[in-house]
Amino acid sequence: MTLLVLSGIRKSFGAVDVLHGVDLTVEAGEVVGLVGDNGAGKSTLMKTITGIYRADTGSITFEGNDILQLDPGQRRRLGIEMIYQDLSLAKQQDVSANIFLGREPTRKVLGFLPGIVDKAEMDRQAAKMIERLGAHLPSINRAVGSFSGGQQQTVAIARALTFNPKLVIMDEPTAALAVREVQSVLDLIRRLKSEGIAVILISHRLNDVLSVTDRIVVLRHGRAAANLQTAKTNMNEVVSRIVGGGDQSAAAAHEARG
Amino acid sequence: MDTELASPGMWARAQRASVEQLHIRLESLVVLVLLSTAMAILSPFFLSLSNFLNILLATSTIGVLAIAATYVIGSGGLDLSLGSVMGLSGVAGAYVAVNLELPSPVALAACVVAGGIAGFINGVLITRALVPAFIVTLGMLGLARGLALVISDGRVIYGLPPLMVYVGQGRPLGIPMPAIILVITAVIAHCVLAYTRFGRHTLAVGDSESAARAAGIRVEHHRRILYTLSGALAGLAGMLFMARVNSGDPTAGTNYELTAITAAIIGGTNLFGGRASILGTMIGALIMGVLQNGLNLLAVQSFYQQMAIGAVLILAVFIDQYQLRKESRV
């Protein structure tokens, strides 16, 4: 069964139409690259999947169930996670507080007082997750705002992976990273795929997209303009689909150089 | 890689530990001790049991208000209506008891309910009408004060029944009732803020609203609850004050929001949200209590006390911002 099906998604902000009826499907364990020029509507489309934005019209089903009316918390519980470009971390809170934000484990105190957050359990699981990601943090009890960009991203990734997601959306996960860190993110995507977790990767770095995805969807002027099998396409085709119009070869040449 | 870690001085270590473990500012404790020592030297009356109980009594109203300020500011909000809502609540309680002649428990509850309603209105206007909190609560500051004057016809309502007066003046085991109520409120508020999902979400909302939203926290709903809670706590403070002075005074609590917000900021609450502790706020409230008490003992005119509190607020925010700049590695 297809994991995620979007059909006819429209979204406008006031007079500005951002999405004009987007269709998109993602199979379980599939890595889909979502590319497009600035303003093509990539982030907006992803936020309609996570529930941050409510689509004006269209339908979204996840594992066959209509999720259009669900709020972001409910969609997370179904297994839809997103790693935001700005990471969306609470910077004054520590590592486990961020990883478990909105889903803190609780335990009863004295058998009847409800809802005491189990911080020890949170810290234990957070440390385990960070270790699984092969990352090193100065201290798990420090405010994440004091960490480097790469370390903060580790926390954001750990938050997305801790609750056994079925779909992980990554918005420009490599944009702000050093070369070595980029490789580890790409390795992570491959590992998620091997574990049967679907990934939607938004990136401007087409080399990354070509090397790690199964399929590439090109978003152009708020529509899915192309749906390419990564194995059967190349940089030139992707670039020409992104820019459309006449000056494709120049853009492709530039991209190939870069 | 970072000099702070390479040679951690005792002070730096203690500071970090106090911030991380207890979420309080070590400086605030030092200020409290220094201030108390200075007062003890300056006034022969400062160091006595009866004066200590006086300080506790005076701190109880401000302390309850400061708890409200801590929650709201910790969530990235602001409630300027605390003092006015406190005044309105006291009048409402006195009106219910004296003019409507309803039983004391009903009148006491009316204080908290009146405050809660004012807070709920704040919350709805902020989250649904999308008027900034600064404007909504500034407007409520005027609205609540005006309503208190309308209800009481501009006069102090006297003649509270004994049970209500006991809440303000009673001393079981020699401890003033308001102080007991403050301690109970503070303990509950501390546990909720530090150990429950509600408390952690409050700080997360103040830290990064977008992160909280992405995590599935219903931010607007949470804010409405917080403003309602803030109003209800202002109502509780109004109840304590009314019972202590044995009357419903429509001008009660004037400028108290200034003192309450100052106490919260001194206690380590980040003015822009994301960091707060009730323990710290209680130290802040005690500092304000000792300051006022000391200035009273030294027979300093109350006009100067207002100036002192205002100056302390600005100073506390300055120190906070200065340290944040120092800590950020930009």
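Nothing in this text is a laboratory measurement; each read-out follows from the coordinates by a stated rule. Predicted model, so just to flag it, every value in this text is computed and none were measured. We place every Cβ from the backbone using ideal geometry, glycine too, and count neighbours over all the protein chains shown.
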Q) What residue among A:VAL218, A:VAL32, A:VAL109 has the largest mean-square fluctuation in a Gaussian network model of chain A, using Cα springs under 10 Å? A) A:VAL109
Q) Taking Cα centroids, how far is segment A:41-103 from segment B:223-247 in Å? A) 38 Å
Q: Considering only lysines 8 or more places apart in sequence, or on different chains, count the pairs in the protein assembly as shown whose C-alpha atoms sit under 27 Å apart.
A: 23
Q: Per DSSP H run of n ≥ 4, the term is -39500 (n - 2.57); total these for the protein assembly as shown, divide by its residue number, and report the mean residue ellipticity at 222 nm rounded to 500 deg cm²/dmol.
A: -18000 deg cm²/dmol
Q: With θ set to phi - 60°, apply the Karplus curve 6.51 cos²θ - 1.76 cosθ + 1.60 along segment A:121-135 and write out the HN-Hα couplings as whole Hz, x wherever there is a Gly or Pro.
A: 5, 4, 4, 4, 5, 5, 4, 5, 5, 4, 5, 4, 7, x, 9
Q.
Test of understanding: in a Gaussian network model of chain A with alpha carbons linked when under 10 Å, which of A:LYS47, A:LYS91, A:LYS166 would top the mean-square fluctuation ranking?
A. A:LYS91
Q) Over its Cα atoms, what ratio of radius of gyration to 2.2 N^0.38 Å does segment A:80-163 give? A) 1.11
Q) What list of whole percents do you get for P(r) of segment A:91-140, with Cα-Cα distances grouped in 10 Å bins up to the one holding the largest distance? A) 25, 47, 22, 6
Q) For chain A, what are the per-bin percents of Cα-Cα distances with bins 5 Å wide, up to the bin holding the maximum? A) 1, 6, 13, 16, 18, 16, 13, 9, 5, 2, 1, 1, 0, 0, 0
Q) Can you give me the Cα centroid spacing of segment B:176-206 and segment A:157-213 in angstrom? A) 40 Å
Q) What longest region of chain B stays clear of trypsin sites (Lys or Arg not before Pro) that DSSP places outside H, G, I, E and B and that have at most 13 other Cβ atoms within 10 Å? A) B:156-328
Q. Short version: ³J(HN,Hα) in whole Hz for each residue of segment A:40-54, in order, from phi by Karplus 6.51 cos²θ - 1.76 cosθ + 1.60 (θ = phi - 60°), x for Gly and Pro, what are they?
A. 6, x, 4, 5, 4, 4, 5, 6, 6, 6, 7, x, 4, 10, 9
Q. Out of A:GLY222, A:GLY196, A:GLY39, any idea which swings most in a Gaussian network model of chain A, alpha carbons joined below 10 Å?
A. A:GLY39
Q: Note down the Stokes-Einstein diffusion coefficient of the protein assembly as shown in µm²/s, whole number, using a Kirkwood radius over alpha carbon pairs, 25 °C, and 0.890 mPa s.
A: 92 µm²/s
Q.
Bins of 10 Å, beginning at zero and ending with the bin holding the largest distance: percent of Cα pairs per bin for segment A:135-211, please.
A. 17, 51, 29, 4
Q.
Principal axis extents for chain B, Cα atoms only, whole Å, descending order, please.
A. 70, 54, 35
Q. So which chymotrypsin sites (Phe, Trp or Tyr not before Pro) in segment A:82-140 end up in coil per DSSP with only 15 or fewer other C-beta atoms within 10 Å?
A. A:PHE112
Q.
Using 0.36 nm times the number of residues separating A:THR106 and A:LEU133, minus their current alpha carbon distance, what extension gain do you get?
A. 7.2 nm
Q | More than 11 angstrom apart: percent of Cα pairs within segment B:175-223 | A | 69 percent
